[in-house]
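Beneath this line is the structure, given in structure tokens, with notes to follow.
The values are calculated or read from the model by the stated rules, or taken from the named source; none is laboratory data. From a predicted model like this one, the values you see are computed outputs, not experimental measurements. Note that each Cβ is placed from the backbone with ideal geometry, even for glycine, and that neighbours are counted across all protein chains shown. These accessible areas exclude ligands, DNA and RNA; they are computed on the full protein's heavy atoms, side chains included. Shrake-Rupley method; radii C 1.70, N 1.55, O 1.52, S 1.80 Å.
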Amino acid sequence: MTITLQASRAATSERAVIFTTDGPFARFAMMAARQIADRHPVRDFDICLCFPDAPPPVPPGLADLDIRFCRLDTGTLLDDLRLEPGRNRIVLMRLALAQAFAAAYRRVLYLDSDIFVQGGGFGALLDLDLGPHP
């Protein structure tokens, strides 16, 4: 099983908030990323948007936010797990995040695309001591 990651830029932190998305759900992930960036104008974590195909062009409203746009190819993982094609590729991307980002990040926080961010504190959340738990 080979998982490959292509990114618009290198990681700038050892921590990240990551969304996996595609198609019509991409705009929701972009809105949530914008909300996080607005609440953390100076942040010590990356915000990553991961797509199974080539990422769309960066919308003008996100160009100044230094968001990391990624293409995550899960390779043969779909076949290896014997899952049906379709929406399962986003599930596969979630399962592949740990392996795909292991070299870049010490800690990642995965969020679904359909969230609404009401407050900040993502840096503190990423700093929580989880003990022996991933």
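Details
- Restricting attention to the stretch 1-25, the residues that are open to solvent by 10 Å² or more (accessible area, probe 1.4 Å) and closer than 20 Å to D114 by Cα total 4.
- Residue in the stretch 34-46 that is open to solvent by 50 Å² or more (accessible area, probe 1.4 Å), in contact with a Leu (Cβ under 7 Å, 6 or more places away or on another chain) and not aromatic (F, W, Y) present: yes
- Neighbours by Cβ (under 9 Å, 6+ apart or cross-chain): first from the stretch 37-59, in a helix (DSSP H, G or I); second among the basic types (K, R): A37/R43
For every residue, the table says whether it meets (1) open to solvent by 30 Å² or more (accessible area, probe 1.4 Å); (2) modelled with pLDDT of 80 or more; (3) under 13 Å from F19 (Cβ atoms); (4) among the charged types (D, E, K, R).
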| residue | (1), (2), (3), (4) |
| --- | --- |
| A54 | yes, yes, no, no |
| F69 | no, yes, yes, no |
| D73 | yes, yes, no, yes |
| A100 | no, yes, no, no |
| Y110 | yes, yes, yes, no |
| D114 | yes, yes, yes, yes |
